[in-house]
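Notes follow the structure.
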Amino acid sequence: VLLGTTLHDTYKVVRFLAEGGMGRVYEAQHTRISTKRFAIKVLHGELKHSLEVRMRFRREAEAAASIDHPNVIGVHDFGYAPDGRPYLVCDLLEGNELGAMLLGGRPLPIPLSIPIARQLCRALDAAHERGVIHRDLKPANVFLVGPPSDPDVRVLDFGLSRVLEVAESSVTQTGMVMGTPAFMSPEQAKGERADHRVDVYGVGAVLYSCITGRPPFDEE
């Protein structure tokens, strides 16, 4: 538990926000500029044991931080917690996760769905220009900020799927999800090498979910 601890003498962890397949997310306050707040994503503890995973995490964090685009969440810092777990320091966003909005099978209006998809395309274009592939685009990794009728998109978790791909061969963790089958491209599902086209597929799968209220595939 990181609540109340200070990371890198800079980020005081003040509140637990969420937990997902990759780890936990906390709100943190800057120790010297009290008005600045961040989201700290701490990856699962099992990832700390592999030097290869730690090196990959650093490379992917630097790659994600290199994407300077309004539709991509800002990555400001990375490091390791006192117990060795790697963490990312990101923008603290206020709004709604697209995945939560689609719970219950209710589709979004088409005039809302199309701008979301367009912003996703712009975000991915900026990432691909930097040589960064997301590999796990899904509604849970799309965050909407601003007015619900005309939101701004932020794409989350760039590069972390590659960290977990390395982790899968290095450590064992019960329940770790290495991808999301309903939104996974065919080449990923077959274990083949993935390039930027898996993200193009991901945009199509997310747009399908927005318009229909359900994922493209829901079978086991």
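The values are calculated or read from the model by the stated rules, or taken from the named source; none is laboratory data. Everything numeric in this text was worked out from a predicted model, so none of it was measured. Neighbour counts run over all protein chains shown; Cβ positions are idealised from the backbone, glycine included. When the accessible area is computed, the model is the full protein with side chains, heavy atoms only, and any ligands, DNA or RNA have been set aside. Shrake-Rupley method; radii C 1.70, N 1.55, O 1.52, S 1.80 Å.
Points to keep in mind about this one:
- Checking each residue in the stretch 80-91 for being open to solvent by 50 Å² or more (accessible area, probe 1.4 Å) and touching a strand residue (DSSP E or B) at 6+ places or on another chain (Cβ under 6 Å) picks out only Tyr80.
- Any hit, the stretch 54-68, residues being at pLDDT below 95 and at positive phi: no
- Where His128 falls short, out of the listed (1) open to solvent by 20 Å² or more (accessible area, probe 1.4 Å); (2) modelled with pLDDT of 90 or more; (3) touching a Ser or Thr at 6+ places or on another chain (Cβ under 7 Å): (3)
- In the stretch 1-38, of all residues being within 20 Å of Gly84 (Cβ to Cβ) and aliphatic (A, V, I, L, M), the one that is most open to solvent (accessible area, probe 1.4 Å) corresponds to Val1.
- When the stretch 39-52 is filtered for residues that are hydrophobic (A, V, I, L, M, F, W, C) and either open to solvent by 20 Å² or more (accessible area, probe 1.4 Å) or over 17 Å from the mean Cα position of the chain (by Cα) (or both), only Leu51 remains.
- Among the candidates Glu60, Glu94, the residue that is touching a residue at least 24 places away in the same chain (Cβ under 8 Å) and buried (at least 18 other Cβ atoms within 10 Å of the Cβ) is uniquely Glu60.
- Looking across the stretch 131-158, just one residue is open to solvent by 70 Å² or more (accessible area, probe 1.4 Å) and in a strand (DSSP E or B), and that is Asp152.
- Residue within the stretch 68-79 that is of a type in the set (A, V, I, L, M), assigned to a strand (DSSP E or B) and open to solvent by 20 Å² or more (accessible area, probe 1.4 Å) present: yes
- As for the stretch 159-182, it holds no residue that is modelled with pLDDT of 90 or more and within 13 Å of Val72 (Cα to Cα).
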